[in-house]
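S.K.: Below you'll find the structure I mean.
Read-outs: derived from the displayed coordinates by stated rules, not from any lab. Just so you know, these numbers come straight off a predicted model, no measurement behind them. Methodologically, a virtual Cβ is constructed for each residue, glycine included, from the backbone with ideal geometry; neighbour enumeration extends over all protein chains shown.
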2 protein chains.
Amino acid sequence: MKIEIPRGFKFYSGNAGFYSEDRPDILIIVAEEGCSATGVLTTNKLRAAPVRLAEEMLKKYRIFSGALINTGFANAATGKRGISDAQEILDFGKKVLDLPYPLIPASTGVIGSYLPLEKIKKALESLNKHDDLELAARSIMTTDSFPKFYSVKGSKEYCLAGITKGAGMIGPSLATTLTFVMTDADFSPYFLKKALLNAVQKTFNKIAVDGEQSTNDAIFLFSTGKIKVDKSMAKEFEILLVNLLYELSMKILRDGEGATKIIKVITKGFASKKDAENVAKRVALSPLVKTAVYGSDPNWGRIFACVGDSNSYIEEDRLRIFIGDYPVFKGEPVDFNRKELSDYLKGDSIEIVIDANLGKHESYFFSCDLSEKYVEINSSYTS
Amino acid sequence: MKIEIPRGFKFYSGNAGFYSEDRPDILIIVAEEGCSATGVLTTNKLRAAPVRLAEEMLKKYRIFSGALINTGFANAATGKRGISDAQEILDFGKKVLDLPYPLIPASTGVIGSYLPLEKIKKALESLNKHDDLELAARSIMTTDSFPKFYSVKGSKEYCLAGITKGAGMIGPSLATTLTFVMTDADFSPYFLKKALLNAVQKTFNKIAVDGEQSTNDAIFLFSTGKIKVDKSMAKEFEILLVNLLYELSMKILRDGEGATKIIKVITKGFASKKDAENVAKRVALSPLVKTAVYGSDPNWGRIFACVGDSNSYIEEDRLRIFIGDYPVFKGEPVDFNRKELSDYLKGDSIEIVIDANLGKHESYFFSCDLSEKYVEINSSYTS
């Protein structure tokens, strides 16, 4: 069954031969009559050329024809030439498709190589036009093992659809990997910007595969405004956008390099919000916790050690730790059924609950387990 | 050849059967006529019972009979009972050996189980007395694959000897794993404390296997004062102590769980000390950099991304990155001989140099590569 996409969008996939002859590696998202755009960009201080260029364009223009995305090369660490290369590709893409408004650039792939301009241009000269969300998602994959896309419908049949890519190098406190969300709901650019920021905070900023933050990460939201909406739908839209980004972010975790399980760390009872956030993130990112979960090993002492290593205020005799529904520490070690807990840990979604028992603040953080496969994938990426 | 140990020390090794019938798992370091003691303890907020007890004792007493170390069990997350268990073992050991002064406790092993008191007591009743530094080091091993010890001599033949253990869960900003340094040089406790802190800052606080900080980490320095020294030797002693802790810390890295190479990250040219320190640590701890080094993959873009992700002030066009002697980035990508650089990365000591080219501040940080073996070891530790 074909997945519906918001009215006014089309896709163009291309193949520059970066991965294989039959795998698309270039995508242009086109809003034929133009769209508004907003974005959340990486906070990495050495941002790639397309990210710097995108930021400028978001400030400068109000209407866009869409976005031009290439995989294979991140166009990061490429200095001034990186900027002019990106611009050259954008101009070429705009001309080839005869578009009235600018395209926003995005790149993902190896850092530190210049864009192979001729190859990309050649690919842009024979694009495949379609409206297939899955194929669009497939066209922006790098080490991803499956295409990541999602679509939801709101009142008056407005639609939200998104594609995302990313497997490793996914860290918190940024947009995290490339994500493109499209809608036809006619909300103001100001509202869409606020809604996107809020949704990113609750989803993409709460997941990590390995805590690494890339030079290229960005999440964009485009709207053609084809469906008239009224203010009463704003709340619904916000919820649907969080829902969409949540589903996309879970697909990324599920496909975390070498990941076999999703880990959700829930913190509660902390004296401050920051304390709750720190502990959730610290535990979720711990390689020792991640390997223990991978091995279905109920070695909760590693969770305990991370809690102590997190800078958050805690008191040992008030602290409670649960793995799933099983208490393992309540101010002192709890006798638990080792077999049952190990069986729980063999599932593909693991919850760890840490209750400081000191106050009312809570938080959460998602990550995935760490397997030999992560090392295998990442020890030979460029070679 | 037998390694010399400082005058006045003896060892007692025991076997409580935690690992195998012929592998010692308990050690008492004894200064028969007493010794001074100082220590640097973990900053983890959920410190194990022996660490809390040791801290109290270091404040309360001036002369000690040495230290009692058990492996197998960390006696962490064990609440009040942990403290009384540790005290019970200390009292028992002191009585068995008929010692005049208190023993300092140290434990290492699984977190969250109570000490098996009867097994330990039984082992303490049939200890093996010796003066073999290697056997002493062997008696405190857990997942270590080889015993870690080192010994140096100073003027007037005073001696410094140390043993250490630790393979994973080694993070910065703490004493890092259990380390016991012995000397017969008659320096004041005040001087020894200062010298130890200084040496730890320069060595153990600059290494990390996985960035994890344990509940039990401690470094102790004991002196019998058997060799009279004068003030003119203070500088020499400080240097030898740094040297000793450096050698011990490198043995830990070399034995980092699954490690095949040591990585040294050198930062220079930063606008502030903190900026230089942040970048060195951020790059050294990056799983993506560690896996690339493991795979001898000259994927320097990952180093670049980490530098940008470090919160330190940098300017892309001034930044220079070297792997060994090979420049890979100088404000823009540098053409390098891929084969030569990959060959360099096949060595067992890899240097990464990051020059911000902005100021005079520098730093360094040591870590090791990340292999499938790390995951293998850590996914099934307690089971």
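S.K.: Along Cα-to-Cβ, 7 Å out, sits the label point; list in nm, shortest first, how far the one on B:Lys360 is from those in the other copies.
M.R.: 5.3
S.K.: Nothing charged except the Cβ atoms of Lys and Arg (+1) and of Asp and Glu (-1): what's the magnitude of the dipole of the protein assembly as shown about its Cα centre? Round to the nearest 20 debye. Working shown, then result.
M.R.: Numbers: 100 positive and 98 negative charges, 338 e Å.
Here the protein assembly as shown has a charge dipole of around 1620 debye.
S.K.: What are the nm distances, shortest first, from B:Asp335 to its equivalents in the other copies, labels at 7 Å along Cα→Cβ?
M.R.: Once sorted, the set of distances for B:Asp335 reads 7.3 nm.
S.K.: State the three equivalent ellipsoid semi-axes of region B:211-251, derived from the C-alpha gyration tensor as the square roots of 5 times its eigenvalues, in descending order and whole Å. Could the numbers behind the result be given before it?
M.R.: Numbers: eigenvalues 142, 38, 13 Å².
Values for region B:211-251, descending: 27, 14, 8 Å.
S.K.: Sequence neighbours fewer than 8 away in the same chain don't count; with that in mind, list the lysines whose C-alpha is under 18 Å from A:Lys261.
M.R.: In chain and number order, the partners are A:Lys148, A:Lys206, A:Lys251, A:Lys281, A:Lys290, A:Lys346, A:Lys373.
S.K.: Express the relative contact order of chain B as a whole percentage, based on alpha carbon pairs under 8 Å and six or more residues apart in sequence.
M.R.: Numbers: 921 pairs, mean separation 63.6, N = 383.
Averaging sequence separation for qualifying contacts and normalising by length gives 17 percent for chain B.
S.K.: Give me D for region B:262-378 in µm² s⁻¹, whole number, from Stokes-Einstein with Rh from the Kirkwood sum over alpha-carbon pairs, 25 °C and 0.890 mPa s.
M.R.: On the way: Rh = 14.1 Å.
D, rounded to a whole number, is 174 µm²/s.
S.K.: Scale the Cα Rg of region B:6-154 by the rule-of-thumb value 2.2 N^0.38 Å and send over the ratio, two decimals.
M.R.: 0.98
S.K.: Another question, then. Between region A:313-383 and region B:335-383, what is the separation of their alpha carbon centroids in Å?
M.R.: Here the answer is 28 Å between Cα centres.
S.K.: So, one more: From the label point of B:Lys273, set 7 Å from Cα along Cα→Cβ, how far away are the matching label points in the other copies, in nm, ordered shortest to longest?
M.R.: Spelled out, the distances from B:Lys273's label point are 3.4 nm.
S.K.: List the residue from chain A whose beta-carbon is nearest to the axis that rotates chain A onto chain B, together with that distance in whole Å.
M.R.: A:Glu372, 2
S.K.: Charges at C-beta only: +1 for Lys and Arg, -1 for Asp and Glu. How large is the resulting dipole of region B:9-254 about its Cα centre, in Debye rounded to 20? Could the numbers behind the result be given before it?
M.R.: Numbers: 31 positive and 27 negative charges, 127 e Å.
That gives region B:9-254 a dipole magnitude of about 600 debye.
S.K.: Just for the protein assembly as shown, what percent of DSSP beta bridges are antiparallel, to the closest 5? Walk me through the numbers on the way to the answer.
M.R.: Details: 96 of 140 bridges.
That works out to approximately 70 percent antiparallel.
S.K.: Next question, about the same structure. With equal scatterers on the alpha carbons only and no solvent term, can you work out the Debye log10 of I(q)/I(0) for the protein assembly as shown at 0.11 1/Å?
M.R.: Results for the protein assembly as shown at q = 0.11 Å⁻¹ read -1.15.
S.K.: Moving to a separate point now. If you take every DSSP beta bridge whose two residues both sit in region B:9-254, what share of them, in percent to the nearest 5, is antiparallel?
M.R.: Details: 32 of 45 bridges.
That works out to approximately 70 percent antiparallel.
S.K.: What distance in nm separates the two pseudo spin-label positions at A:Lys95 and A:Thr260, each 7 Å out from Cα along the beta-carbon direction?
M.R.: So the label points at A:Lys95 and A:Thr260 sit 5.3 nm apart.
S.K.: Averaged over its residues, how many other protein chain Cβ atoms are within 10 Å of peptide A:44-50's Cβ atoms? Present the calculation step by step, with values, prior to reporting the outcome.
M.R.: On the way: counts 7, 10, 12, 2, 2, 0, 0.
Partner-chain Cβ atoms within 10 Å, mean over residues of A:44-50: 5.
S.K.: Report ³J(HN,Hα) in whole Hz for each residue of region B:158-164, in order, from the Karplus equation J = 6.51 cos²θ - 1.76 cosθ + 1.60 where θ = phi - 60°; Gly and Pro get x.
M.R.: These are the phi-based 3J(HN,Hα) values: 5, 10, 10, 9, x, 10, 8 Hz.
S.K.: While we're here: Taking the Cα centre of region B:1-85 as the origin, how large is its charge dipole in debye, to the nearest 20, when only Lys and Arg (+1) and Asp and Glu (-1) carry charge on their Cβ atoms? Let's see the in-between values first.
M.R.: Values: 12 positive and 9 negative charges, 92 e Å.
Computed charge dipole of region B:1-85: roughly 440 debye.
S.K.: Can you give the mean number of other chain Cβ atoms that lie within 10 Å of the Cβ atoms in peptide B:283-293?
M.R.: Details: counts 0, 0, 2, 4, 13, 11, 2, 3, 11, 6, 1.
Average neighbour count from other chains, rounded to a whole number: 5.
S.K.: Another question, if that's okay. Taking K and R as +1 and D and E as -1, what net charge do the other residues with C-beta under 12 Å from the C-beta of B:Ser349 add up to? Please report the intermediate quantities before stating the final value.
M.R.: Values: positive: B:Arg254, B:Lys261, B:Lys264, B:Lys346; negative: B:Asp348, B:Glu351, B:Asp369.
Result for the neighbourhood of B:Ser349: +1.
S.K.: Moving to a separate point now. Output the antiparallel fraction of DSSP beta bridges having both residues in region B:262-378, as a percent to the nearest 5.
M.R.: Details: 16 of 23 bridges.
Given both bridge residues lie in region B:262-378, the antiparallel proportion sits at roughly 70 percent.
S.K.: Can I ask one more? DSSP loop (so not H, G, I, E, B), at most 11 other Cβ within 10 Å: list which trypsin sites (Lys or Arg not before Pro) in region A:51-102 pass both filters.
M.R.: Numbers: sites: A:Arg52, A:Lys59, A:Lys60, A:Arg62, A:Lys80, A:Arg81, A:Lys94, A:Lys95; in loops: A:Arg62.
Answer in residue order: A:Arg62.
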